[in-house]
1. For segment 336-346, does any single residue satisfy the condition of being crowded, with 20+ Cβ neighbours inside 10 Å, more than 22 Å from Ile278 (Cα to Cα), touching a helix residue (DSSP H, G or I) at 6+ places or on another chain (Cβ under 6 Å) and at pLDDT 90 or above?
2. If you check Ser18, Ser47, which single one turns out to be among the polar types (S, T, N, Q), surrounded by 15 or more Cβ atoms within 10 Å (Cβ to Cβ) and part of a helix (DSSP H, G or I)?
3. Hey, among the residues in segment 21-53 that are of a type in the set (Ser, Thr, Tyr) and either closer than 24 Å to Asp235 by Cβ or touching a helix residue (DSSP H, G or I) at 6+ places or on another chain (Cβ under 6 Å) (or both), which one's modelled with the lowest pLDDT?
4. Among Ile213, Ile218, Ile242, Ile230, which is surrounded by 19 or more Cβ atoms within 10 Å (Cβ to Cβ), among the β-branched types (Val, Ile, Thr), at pLDDT 90 or above and not in a loop (DSSP other than H, G, I, E, B)?
5. When segment 106-137 is examined, which residues are found to be over 21 Å from Thr74 (Cα atoms) and surrounded by fewer than 17 Cβ atoms within 10 Å (Cβ to Cβ)?
6. Given the criterion of a type outside the set (D, E, K, R), loosely packed, with under 15 Cβ neighbours inside 10 Å and within 21 Å of Ser94 (Cα to Cα), identify the matching residue among Asn167, Asn163, Asn187.
7. Take segment 96-112 and flag every residue that is assigned to a loop (DSSP other than H, G, I, E, B) and of a type in the set (Ser, Thr, Tyr).
8. With Cys67, Cys61 as the choices, which residue is of a type in the set (A, V, I, L, M, F, W, C) and not in a helix (DSSP H, G or I)?
Amino acid sequence: MLFREILCNNNIKRKLLSSYHNSMIPHSQFFFGKSGSPNLVLAIAYSQYLMCKKKNKVDSCGRCESCIKYKKFTHPDLHFIFPLASVNKTKPLSINFIKYWQNILLDKVYFSHFDWLNLINLENKKSIINVDEIKNLTRKIYLKPYESNIKVIIIWMPEKMNNQASNKILKILEEPPSNTYIIFVGNSKDELLPTVLSRLQITYIPNFTDSEINEYLISLGVDSSKSNVISKLVDGDLSKAISLTANKTNDSVLEEDFITWMRLCFSLIKKNNSNDLILFLGKISKYSRENQIIFLSYSLSIFRDAFMTNIGQKNLKKIIFLSENFNFNKFSSFINFNNFEKIVNLFNQSILNLERNANSNLLYLDISIKLCYLMNINLKKN
């Protein structure tokens, strides 16, 4: 992975290059960014630059023996640790899943925690980084590098470390070997032990903007009208944008499901009729988990557009409804300062719960009841 292959983030690239040229490379770092940010690809490009034998001032050469091995993620001095789930009460190690890891990096580079678990058929399991993983790291970290003069350890999703693993790695962070660099790559600071976090130099990696995602999707050959809609749905998450692009669920299906859902919610408010709503939620809950996340992301985007419309935001590129039987402006009147923030939090938490394998039926029923309550506040005023 070369710096020039990574979309935007030029300020971050300059910062990382500067740390090398000024001989100020921290031994323990945390590339912190939300899901879909380029934190993992930047960590890989950075480590490749450190090991490149013919680097220039701004990038790896891409041609030396080290870079060639990096292209396949097989450099013997580059080590990865990532979350896994126990199967049959055994505690798996990253080294035993490294072929799967290399394959997903070769296939898409930008991917989510859910994408990873789905690849290794563990999407319905709770994933962690266990203490055996760190014990294995402890054994190898003090060995001499094989080919380079340094070793790099990339720990992806370190927030998945359990307490035993966190306490174990703390000892490494306190006295890291002089020829070893450890890079945490994750989405959450709050889930790391404060004692671990305090020993890391944090580099915040921002998500992509809507326009950056739009341009990237167009460069992949996605139709500009579709890329514009997708870029608005994903809130800077490039991995989600790529999944939406490849997903067979089209905009008309998402729109139809959203309109049906909202009408049934209003029917519950006005007529106390829950039977049709429950039947509909049963249908939605049978979608694949990925399609459910896409549907909730799409719905959240509609609520955002509705709020912006209601407060008079001009020049807003709204998602265009194909149905002539849905009055978007009337719907927007129910979304305002009284309920918008709570609705956003509700959807974000629900998406997170889905990614953590929550029961879909109960989750959608919970969202629907809470939406009914939040919109009923404004319904009474209209």
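The values are calculated or read from the model by the stated rules, or taken from the named source; none is laboratory data. As the structure is a prediction and not an experimental result, all values here were calculated from the model. Here Cβ is always computed from backbone atoms with ideal geometry, including for glycine, and neighbour counts include all displayed protein chains.
1. yes
2. That would be Ser47, the only listed residue that is among the polar types (S, T, N, Q), surrounded by 15 or more Cβ atoms within 10 Å (Cβ to Cβ) and part of a helix (DSSP H, G or I).
3. Ser35
4. Ile213
5. Passing the criteria: Asn121, Asn124, Lys125, Lys126, Asp132, Lys135.
6. Asn163
7. From segment 96-112, those assigned to a loop (DSSP other than H, G, I, E, B) are 108-112; that's our starting set.
Tyr110, Ser112 - these are the residues of segment 96-112 that are assigned to a loop (DSSP other than H, G, I, E, B) and of a type in the set (Ser, Thr, Tyr).
8. On the way: Cys67 fails: not in a helix (DSSP H, G or I).
Answer to the check: Cys61.
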